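S.K.: Structure in structure tokens, see below.
Every number in this text was worked out from the coordinates using simple rules, so none of it is lab data. Because the structure is predicted, anything quoted here is derived from the model rather than measured. With ideal geometry, Cβ positions are generated from the backbone for all residues, glycine too; neighbour counts draw on all protein chains shown.
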Amino acid sequence: MPARTPEQIRASIEANRVALGTSLEKLHGEIEVLTDWRGQLRKHQKNAVIGAAVAGFVVAGGIAAFGGLFRRKR
């Protein structure tokens, strides 16, 4: 492997720095899209409403069953 000159090393470091900066900007953009919960909710609004309804029925059924335990003891 031939030895590189200091100029070649500096150029390589600069190229790596530019590539890293570009990668970080791209990653930042992807993170913003993935963590945008309002956008995700708009995109999956139907599924969110169905999930909330199911959760409501489950919670209401649990409360009713829990209340029924106390009424049966009398």
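S.K.: Can you work out D for the chain in µm² s⁻¹ from Stokes-Einstein, where Rh is the Kirkwood radius over C-alpha pairs, the temperature is 25 °C and the viscosity is 0.890 mPa s? Provide the component values of the computation, followed by the final result.
M.R.: On the way: Rh = 18.2 Å.
D = 135 µm²/s.
S.K.: As an exercise, identify the trypsin sites (Lys or Arg not before Pro) in the stretch 1-64 lying in DSSP coil whose Cβ has no more than 15 other Cβ atoms within 10 Å. Walk me through the numbers before you get to the answer.
M.R.: On the way: sites: R4, R10, R17, K26, R38, R42, K43, K46; in loops: R4.
When the trypsin sites (Lys or Arg not before Pro) of the stretch 1-64 are filtered for loop state and at most 15 Cβ neighbours within 10 Å, R4 remain.
S.K.: Sticking with this one: Could you compute how fast the stretch 33-74 diffuses translationally, taking Rh as the Kirkwood radius over C-alpha pairs and applying Stokes-Einstein at 37 °C with viscosity 0.692 mPa s? Give it in µm² per second. Kindly include the intermediate steps, with their values, before the conclusion.
M.R.: Values: Rh = 12.5 Å.
This corresponds to a translational diffusion coefficient of 262 µm²/s.
S.K.: Using each residue's phi in the stretch 6-13, evaluate 6.51 cos²θ - 1.76 cosθ + 1.60 at θ = phi - 60° and report the 3J(HN,Hα) Karplus result to the nearest Hz, with x for Gly and Pro.
M.R.: Values per residue, Gly and Pro as x: x, 5, 5, 5, 4, 5, 5, 4 Hz.
S.K.: So between A53 and A15, what do we pick up on full extension, going 0.36 nm a residue minus the alpha carbon distance? Let's see the in-between values first.
M.R.: Working: separation 38, 0.36 × 38 = 13.68 nm, distance 5.34 nm.
Gain in length upon complete extension: 8.3 nm.
S.K.: Using each residue's phi in the stretch 40-54, evaluate 6.51 cos²θ - 1.76 cosθ + 1.60 at θ = phi - 60° and report the 3J(HN,Hα) Karplus result to the nearest Hz, with x for Gly and Pro.
M.R.: Whole-Hz 3J(HN,Hα) from phi for the stretch 40-54: 5, 5, 4, 5, 10, 4, 4, 5, 5, 5, 4, x, 5, 5, 4.
S.K.: Sticking with this structure for a sec: Kindly provide the helix-only [θ] at 222 nm of the chain, computed as the sum of -39,500 (n - 2.57) over DSSP H runs of four or more divided by all residues, to the nearest 500 deg cm²/dmol?
M.R.: Details: 3 runs with 64 residues, N = 74.
Dividing the helical sum by the residues of the chain leaves -30000 deg cm²/dmol.
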